[in-house]
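Participant: There's a structure below that I have some questions on.
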Amino acid sequence: MSWISAQGNNWFVHSMTDRAYLDYSSGKWQIRAGRQRVNWGVNLVWNPNDIFNTFSYFDFDYEERPGTDAVRVQYYTGTTSSAELVYKPGHDSIQTSMAGMFRFSDGDYDFQFIGGQAGNDWVLGAGWSGDIRGAGFRGELTHFEPQNKSSKRTTVASVSADYTFSNSWFIHTSLLYNSFGKTGKAGGLNVLFNPDLSAKQLSFARYSLFGQVSKPITPLFSGSLSGIINP
C-alpha cells in the first residue's frame with residue numbers, strides 16, 4: 001500500500017497508507033488482519049524483539065511508526081498475560097515471517113518470550129521491563145539462527161535504564177550489542193539512511209551506547225539532547 005502516483009525528471013509524489021485493518025474481538029480472542037503495527041519491543045531506542053516493525057531512532061520526523069501487512073491472532077490468558085501468533089505474508093521466503101509471543105507479569109516485572117521464523121532465520125528471543133528503585137529497567141535479546149547459507153548467525157541484545165527526577169529532568173541510557181557488527185569503522189553517517197534496517201541489524205557496529213537528557217519547559221514544549229557512540 002505504498003505507491004508513486006506521479007513523477008517527473010526532478011520530482012515525484014509518494015503516497016502510503018499507514019493503517020488499514022479489520023479487527024474482530026470475542027471474549028478472550030482478538031483477530032486483526034491488514035496493515036497494522038505489531039509492536040513487540042520494550043526498549044525506547046533499540047528493539048531486537050521487534051521483528052515485524054523495526055523502528056529507526058533517526059526517523060524522528062515521522063511520528064506514525066511503520067506498520068506491516070499481517071494477520072495477528074491474540075488470546076488473553078489473564079489480566080496481564082497473553083499469547084499471540086503473527087503471520088506476515090510476502091512474495092518470497094525472505095519477505096515472509098511467522099512468529100509467536102507469550103507475555104506475562106511476575107511481581108513488578110513484565111516478561112515476554114518470542115519464537116518463530118523471520119525471513120531466512122529461525123528466531124528465538126526474550127524481553128523484560130520493570131524498575132529498580134524507581135528507575136525504569138528494560139532489556140531485549142533475540143538470536144537469529146540461519147536456515148541456509150544465505151544468512152548469518154547473529155545475536156542482538158539491548159538493555160536500558162531511565163529515571164525521572166522530581167524536578168522533571170529525565171535521563172536515559174541504553175546499550176546495544178550486535179554479534180555480527182563491526183569493531184572498526186561502522187559506516188559513519190550511513191546509519192542514518194540504513195536501507196537494510198531490521199531487528200537483526202539495528203546498527204553496523206558491534207557495540208552502541210546511547211545517552212539522553214530531556215526536560216519539559218512548558219506543558220507543550222520540551223527540550224532534549226541525545227547521542228550515540230560506538231565504543
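Participant: Does residue 152 meet the test of being under 24 Å from residue 96 (Cα atoms), open to solvent by 60 Å² or more (accessible area, probe 1.4 Å), out of contact with any helix residue (DSSP H, G or I) (no Cβ under 6 Å at 6 or more places or on another chain) and charged (D, E, K, R)?
Facilitator: Considered against the rule, which asks whether it is under 24 Å from residue 96 (Cα atoms), open to solvent by 60 Å² or more (accessible area, probe 1.4 Å), out of contact with any helix residue (DSSP H, G or I) (no Cβ under 6 Å at 6 or more places or on another chain) and charged (D, E, K, R), residue 152 comes out as yes.
Participant: On to the next question. How many residues, within region 44-56, are modelled with pLDDT of 95 or more and surrounded by fewer than 22 Cβ atoms within 10 Å (Cβ to Cβ)?
Facilitator: Summing the residues that are modelled with pLDDT of 95 or more and surrounded by fewer than 22 Cβ atoms within 10 Å (Cβ to Cβ) in region 44-56 gives 0.
Participant: Having 2 or more residues that are under 24 Å from residue 38 (Cβ atoms) and at pLDDT 95 or above is the bar; report the strands (runs of 3 or more DSSP E) wholly within region 139-231 that clear it.
Facilitator: Output list reads 154-164, 170-178.
Participant: Can you confirm whether residue 51 is aliphatic (A, V, I, L, M) and touching a residue at least 40 places away in the same chain (Cβ under 8 Å)?
Facilitator: It is true that residue 51 is aliphatic (A, V, I, L, M) and touching a residue at least 40 places away in the same chain (Cβ under 8 Å).
Participant: May I ask you to list the residues in region 1-39 that are charged (D, E, K, R) and closer than 17 Å to residue 52 by Cα?
Facilitator: Across region 1-39, the qualifying residues are 18, 19, 32, 35, 37.
Participant: Would you mention how many residues in region 110-163 are basic (Lys, Arg) and in contact with a Ser or Thr (Cβ under 7 Å, 6 or more places away or on another chain)?
Facilitator: Matching residues across region 110-163 total 1.
Participant: With the requirement that a residue be among the small types (Gly, Ala, Ser) and within 15 Å of residue 69 (Cα to Cα), what does region 94-115 give you?
Facilitator: Correct list: 97, 99.
Participant: Sticking with this one: So for region 64-78 (the condition being more than 19 Å from residue 22 (Cα to Cα) and free of Cβ contacts under 8 Å to residues at least 12 places away in the same chain), does at least one residue qualify?
Facilitator: For region 64-78, residues more than 19 Å from residue 22 (Cα to Cα) and free of Cβ contacts under 8 Å to residues at least 12 places away in the same chain: absent.
Participant: Keeping to region 79-111, report how many residues are touching a residue at least 24 places away in the same chain (Cβ under 8 Å), open to solvent by 30 Å² or more (accessible area, probe 1.4 Å) and either in contact with a Leu (Cβ under 8 Å, 6 or more places away or on another chain) or closer than 15 Å to residue 37 by Cα (or both).
Facilitator: 1
Participant: Residue 127 is checked against (1) part of a strand (DSSP E or B); (2) farther than 26 Å from residue 161 by Cβ; (3) open to solvent by less than 70 Å² (accessible area, probe 1.4 Å) and fails just one. What number does that condition carry?
Facilitator: The number of the failed condition is (2).
Participant: Let me ask something else about it. For the list (1) in contact with a Lys or Arg (Cβ under 9 Å, 6 or more places away or on another chain); (2) open to solvent by 80 Å² or more (accessible area, probe 1.4 Å); (3) over 18 Å from residue 197 (Cβ atoms); (4) not in a strand (DSSP E or B), I need the number of the one condition that residue 76 fails.
Facilitator: For residue 76, the failing item is (4).
The values are calculated or read from the model by the stated rules, or taken from the named source; none is laboratory data. Predicted model, so just to flag it, every value in this text is computed and none were measured. Glycine also receives a Cβ, built like all others from the backbone with ideal geometry; neighbour counts cover every protein chain displayed. Areas reflect the complete protein model, heavy atoms only, side chains present, ligands, DNA and RNA absent. Shrake-Rupley method; radii C 1.70, N 1.55, O 1.52, S 1.80 Å.
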